[in-house]
1. Looking at this structure, is L112 part of a strand (DSSP E or B) and at pLDDT 95 or above?
2. One residue is enough: does segment 177-196 have a residue meeting the conditions more than 17 Å from the chain's Cα centre (by Cα) and open to solvent by less than 70 Å² (accessible area, probe 1.4 Å)?
3. Output the residues belonging to segment 30-46 that are at pLDDT 85 or above, open to solvent by 20 Å² or more (accessible area, probe 1.4 Å) and away from the ligand (no atom under 11 Å from the Cβ).
4. Looking for something β-branched (V, I, T) and free of Cβ contacts under 8 Å to residues at least 60 places away in the same chain - is there at least one such residue anywhere in segment 172-193?
5. Within segment 94-112, can you find the residues that are without any contact (Cβ under 8 Å) to a residue 60 or more places away in the chain and hydrophobic (A, V, I, L, M, F, W, C)?
6. Please go through segment 47-74 and pick out each residue that is surrounded by 14 or more Cβ atoms within 10 Å (Cβ to Cβ), modelled with pLDDT of 75 or more and either in a strand (DSSP E or B) or of a type in the set (K, R) (or both).
7. Find the residue count for segment 129-153, including only residues that are more than 16 Å from the ligand (Cβ to nearest atom), hydrophobic (A, V, I, L, M, F, W, C) and in contact with a strand residue (DSSP E or B) (Cβ under 9 Å, 6 or more places away or on another chain).
8. If you scan segment 115-153, which residues turn out to be open to solvent by less than 10 Å² (accessible area, probe 1.4 Å), closer than 21 Å to L73 by Cβ and modelled with pLDDT of 95 or more?
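The values are calculated or read from the model by the stated rules, or taken from the named source; none is laboratory data. No experiment lies behind these values; they were computed from the predicted model shown. Note that we place each Cβ from the backbone using ideal geometry, even for glycine, and neighbour counts take in every protein chain shown. Surface areas here come from the heavy atoms of the whole protein model, side chains and all, with no ligands, DNA or RNA. Shrake-Rupley method; radii C 1.70, N 1.55, O 1.52, S 1.80 Å.
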Amino acid sequence: MKIHSAEFELSSPKLEGCPRWALPEFAFIGRSNVGKSSLINLLADRRELALVSDTPGKTKLINFYVMNGRWSLVDLPGYGYAHVGKKQREAFNDAVAEFLSERRNLARVFVLIDSRLPPQAIDLEFLQWMEKCRAPYALVFTKADKQSATQTQAGVAVFLKSVAAWRKDPPEYFLTSARTGSGRQDILGCIERVLGERNRATG
Ligand code: GDP
């Protein structure tokens with residue numbers, strides 16, 4: 001898929017303020033600093049569509065972008081902030097939880113995982129929760145350029161083994177690097193495929 005246009009639509013702190021439209025939505029979420037903003041900019045082929053920052057917890061809103069006029073990229077607030085108070089963290093997780101479990105036009109959630117780290121409890125807990133709310137998701141292993149392909153593959157295998165504890169079929173997954181651009185077309189190809197499936201389903 002080629003990206004011809006990427007336009008910011010709006011930001012909302014909660015589900016009520018989200019756009020009322022029928023566009024299929026593809027959401028991106030992960031622990032702060034996992035490389036989400038960098039990946040979104042890579043996918044959109046824009047340097048600053050999403051803000052890349054070294055300050056964890058800066059993005060607390062649900063951000064909507066319209067891609068090629070036919071699907072929406074949703075930048076969800078990351079989880080696992082060290083720097084926000086407990087109250088704020090809870091309110092903000094509520095909004096994300098509501099979005100993920102209730103949003104009708106949510107076509108896929110891409111859950112970002114840092115490929116260099118051993119499985120993190122917070123990521124596994126989040127994925128278990130996703131399973132319960134039946135949100136369709138795929139995994140995106142980020143920062144693959146930071147180590148050898150063999151190391152990345154080994155890390156992915158360990159991660160998938162953890163997920164297999166509660167899920168029979170392994171989730172679809174992608175290896176990416178915002179630095180080299182690897183994995184970009186794989187994710188866009190997945191989005192194209194899901195859009196096609198939805199079109200066929202709605203007729
Ligand atoms: P976010 O907090 O999840 O949005 O993460 P950012 O996109 O802001 O990235 C966090 C840090 O990781 C920044 O310093 C980025 O430059 C760096 N980073 C992000 N993606 C990659 C990648 O694919 N490779 C490398 N080497 N660094 C990355």
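1. Criteria met by L112.
2. Yes, segment 177-196 has at least one match.
3. Of everything in segment 30-46, just one residue is at pLDDT 85 or above, open to solvent by 20 Å² or more (accessible area, probe 1.4 Å) and away from the ligand (no atom under 11 Å from the Cβ), namely D45.
4. Filtering segment 172-193 for residues β-branched (V, I, T) gives 176, 180, 187, 191.
Now narrow it down to the ones that are free of Cβ contacts under 8 Å to residues at least 60 places away in the same chain: 180.
There is at least one residue in segment 172-193 that is β-branched (V, I, T) and free of Cβ contacts under 8 Å to residues at least 60 places away in the same chain.
5. Passing the criteria: only A97.
6. Hits for segment 47-74 are K60, I62, N63, F64, Y65, V66, M67, W71, S72, L73, V74.
7. Applying the first criterion (more than 16 Å from the ligand (Cβ to nearest atom)) to segment 129-153 yields 129-138, 150, 153.
Pick out the ones that are also hydrophobic (A, V, I, L, M, F, W, C) and you get 129-130, 133, 135, 138.
Imposing the further condition that a residue be in contact with a strand residue (DSSP E or B) (Cβ under 9 Å, 6 or more places away or on another chain) reduces the set to 130, 135, 138.
The number of residues fulfilling the criteria is 3.
8. Those that are open to solvent by less than 10 Å² (accessible area, probe 1.4 Å), closer than 21 Å to L73 by Cβ and modelled with pLDDT of 95 or more: A138, L139, V140, F141, T142.
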